[in-house]
Amino acid sequence: MRQKKKSDLLTEVELEFMNELWALGEGTVRDVLDQLPEGRNLAYTSAATILRILEQKEFVTSRKDGKRHVFVPMLAKDAYQTRSLKDLSMKLFDDTPASLVARLVDDADLSEEALGQIRALVDRRLKNDTG
């Protein structure tokens, strides 16, 4: 069997599963399936395959617990968020984070409250870097 290239980013369904594992901390195939939205009809075998792919990509590890496998995230959610944003900035915003932020704050749907929160985060970061 040919070894697949390890990807640093998740597909949409892999991210869906990782979000559930991050929320659970760890879980079996059944645990993850039980967390998916009610209308999300996914076979147990399909879910097991997705978790095995995540293990091959080194996003999760597993241990045996009787007949079940318990899957545990190997990467924290915030670390993946950072990785994803860097990739997005590089590919879509010419590796210019300011362009990414400018696009975000120019969004007309962004509330005054959200803008204030962004300003507070930037102010705190600037204060910590210079203080």
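Values quoted throughout were computed directly from the atomic coordinates according to the rules given, and no laboratory measurement underlies them. What you see is a predicted model; the values in this text were computed from it and never measured.
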Can you tell me, using C-alpha contacts under 8 Å and at least 6 residues apart, the relative contact order of the chain as a whole percent?
20
Please determine, in degrees from 0 to 90 and to the nearest 10, the orientation of helix 112-130 with respect to the longest principal axis defined by the Cα atoms of the chain, where the helix direction is its Cα long axis.
80
If you line up the long axis of helix 44-56 against the longest principal axis of the chain, both from Cα atoms, how many degrees apart are they, to the nearest 10?
60
What do you get for the angle between helix 77-92 and the principal long axis of the chain? Use alpha-carbon atoms, 0 to 90 degrees, nearest ten.
60
With springs only between Cα atoms under 10 Å, which of 113, 20, 38 fluctuates most in a Gaussian network model of the chain?
113
Quick one: work out Rg over Rh on the C-alpha atoms of the chain, Rh as Kirkwood radius.
1.08
Averaging over all projection directions, find the projected area of the Cα convex hull of the range 77-130 and quote it in nm² with one decimal place.
4.5
